[in-house]
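Remarks on the structure that follows.
Where a number appears in this text, it was derived from the coordinates with a stated rule and is not lab data. Please read all numbers here as calculations on a predicted model, not as lab measurements. Using ideal geometry, Cβ is built from the backbone for each residue, glycine included, and neighbour counts are taken over all protein chains shown.
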Amino acid sequence: MNNFSLNSQSLTDWLSYLESIHPSEIELGLTRVKAVALKLGLLDDLGKVILVGGTNGKGSTSAILEQLILATGASTGVFSSPHLLRYNERLRINGQELADDFHIEALRTIEVGREATELTYFEFNTLAALYLMKQAKVDYFILEVGLGGRLDSTNIVDADLAVITTIDLDHQAWLGTTREAVAFEKSGIFRQNQLVICGEPNPPQPLLDRALELNCNIAYKGKDFTFEHTGDLWQWKTDDKELSDLPLTRLPMTNAATALAAFDKLELNLSHDTIKRVMGETSLLGRLQTIANAPDIVLDVAHNPEAGRYLAQWLKQHPAQSIHCVCAMLADKDSASTLDVVAPYINHWYLASLDCPRGADASQLEKNLQSESVQGLYNNVSDALDAAKQQATEQDLIIVFGSFFTVAEVLEQQK
């Protein structure tokens, strides 16, 4: 980026600069980013660190865990990605985003401190988040893994607690084409004798082997903690603890159960009523988010087969007179399998192209879907949603899903 000044007070200019100085969007590896972190003292005197990895559900699990910890009176920092509308979404201090000035200060500190060391956009993000959490002196650092785990920049930190949400296929070019390969990468965040929560009900063998090799104190979903949904309530329990009459969450229940297991490992105390309040109130942008009623319009960032199965389960539990689906996806995602698991619950499809790097054309989605219920192909998500609104009645449901970019386009239009 020509003529960029380190004195710039524009966060937009800073982010454009970061995107311009490294040739690759992704360059996995810890050597470069850890060297800069050590030089700047970003790994010293941290609070309790929780590293959250997994294929899906990292953001939801982190958000619920964040709110549970905050309810105890402790302070938190949460680093999450990607963002939907604003870069500022990537970091929350005590549940709140920070103003641009804080991010500019952090990025400037990293830029000066790195000297000749090359960093990717995400590596800058990670180091800046650590800097700002340290500045805020938070008690709990909650870091969401960006890609994989073993070689992700968040793994420069030795976490006190590691959380694996789910294991499934995604980012195959980087993580491998089998669940076993993915599990190997994601369990790379484990450390010797570490507390670990595994929210994946069917963990592949490499994850089990890694936990055993490192003598991790690990709790498995379905074995060490369980949850059960009955009507409008659900319950969570371990061998020696039970939380009953929990309200349905706005986020996937399986992630809420994993977050409760992580909170339990921290040995913090909350009343049953407070836990119920947190479960009922916690929400996250773009995750089963209702933006309108009559008809209901719900947004979800589901973008791979596993997330599609969760969305299909939600649709099954929320029947409507007719369900209209607006979908746009990235070309490198498994759209055929994702659409296949959702299709049984959809009456009308509105397929859109994504105008972004790696965006899929609507015609490719139509080819993968092979459904007679396609109402039309659209140049963008906004046009597809407008068409769905024209067709839907007040008793219908419109679901918009397929990518963070898909949801972001709708939210941008809503502003």
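Using mean Cβ contacts within 10 Å as the protection proxy, how do 5-14, 41-50 order, highest first? Show your work: numbers first, answer last.
On the way: 5-14: 13.4, 41-50: 16.9.
Ranking the peptides 5-14, 41-50 by packing returns 41-50, 5-14.
Place the peptides 96-108, 179-191, 259-271 in order of packing, highest mean first, counting for every residue the other Cβ atoms within 10 Å and averaging per peptide.
Values: 96-108: 16.8, 179-191: 22.1, 259-271: 18.6.
Taking the mean over residues of other Cβ atoms within 10 Å, the ranking is 179-191, 259-271, 96-108.
Which pairs in the list 265/316; 223/265; 186/276 are over 27 Å apart, alpha-carbon to alpha-carbon? Don't skip to the answer; put the middle values down first.
Working: 265/316 33 Å; 223/265 15 Å; 186/276 31 Å.
In this structure, 265/316; 186/276 lie more than 27 Å apart at Cα.
When only Cα pairs under 8 Å and 6 or more residues apart are kept, what is the percent relative contact order across segment 289-414? Each step should come with its number before you reach the end.
On the way: 271 pairs, mean separation 46.4, N = 126.
Relative CO of segment 289-414 lands at 37 percent.
Over segment 11-281, what is the relative contact order in whole percent, taking alpha-carbon pairs under 8 Å and six or more residues apart? Write down the numbers at each step before the final one.
Numbers: 486 pairs, mean separation 59.6, N = 271.
Across segment 11-281, relative contact order equals 22 percent.
Which helices, counted as full DSSP H runs in the chain, have an axial Cα extent of no less than 24 Å and a Kyte-Doolittle average of 1.0 or above? Intermediate values should be presented prior to the final figure.
Details: long enough: none.
The answer is none, since no helix passes both cut-offs.
Rounded to the nearest 500 deg cm²/dmol, what is the calculated helix-only ellipticity per residue at 222 nm for the chain, with -39500 (n - 2.57) per DSSP H run of length n ≥ 4?
Numbers: 15 runs with 160 residues, N = 415.
Estimated from H runs of four or more residues: -11500 deg cm²/dmol.
Just going by the charge dipole of the chain, with Lys and Arg at +1 and Asp and Glu at -1 on Cβ, which of 392, 204, 218 is farthest out on the positive end?
Among 392, 204, 218, the one farthest towards the positive end of the dipole of the chain is 218.
Exceeding 31 Å between C-alpha atoms, which entries from my cross-link table qualify? They are 333/389; 137/333; 333/415; 48/415; 134/237. List each step's numbers first, then the result.
Working: 333/389 27 Å; 137/333 39 Å; 333/415 28 Å; 48/415 37 Å; 134/237 34 Å.
The answer is 137/333; 48/415; 134/237.
Roughly how many whole Å is it from the C-alpha centroid of segment 108-173 to that of segment 186-214?
The distance from the Cα centre of segment 108-173 to that of segment 186-214 comes to 19 Å.
Quick one: work out the % antiparallel among DSSP beta bridges in segment 11-281, nearest 5. Each step should come with its number before you reach the end.
Working: 14 of 36 bridges.
Percentage antiparallel, nearest 5: 40.
Let a ≥ b ≥ c be the square roots of the eigenvalues of the Cα gyration tensor of the chain; is it rounded (a/c under 1.5), or, if not, prolate (a/b larger than b/c) or oblate? Could the numbers behind the result be given before it?
Numbers: a/c = 1.59, a/b = 1.17, b/c = 1.36.
Because a/c hits 1.5 or more and a/b fails to exceed b/c, the chain counts as oblate.
For segment 109-189, what is the charge dipole size about the Cα centre, in debye to the nearest 20, if Lys and Arg each add +1 at the Cβ and Asp and Glu each add -1 at the Cβ?
Details: 6 positive and 13 negative charges, 22 e Å.
Taking the Cα centre of segment 109-189 as origin, the dipole is about 100 debye.
To the nearest 20 debye, what is the magnitude of the charge dipole of the chain about its Cα centre, counting +1 on the Cβ of each Lys and Arg and -1 on the Cβ of each Asp and Glu? Mind showing how you got there, number by number?
Values: 33 positive and 55 negative charges, 110 e Å.
Charge dipole of the chain: 520 debye, to the nearest 20.
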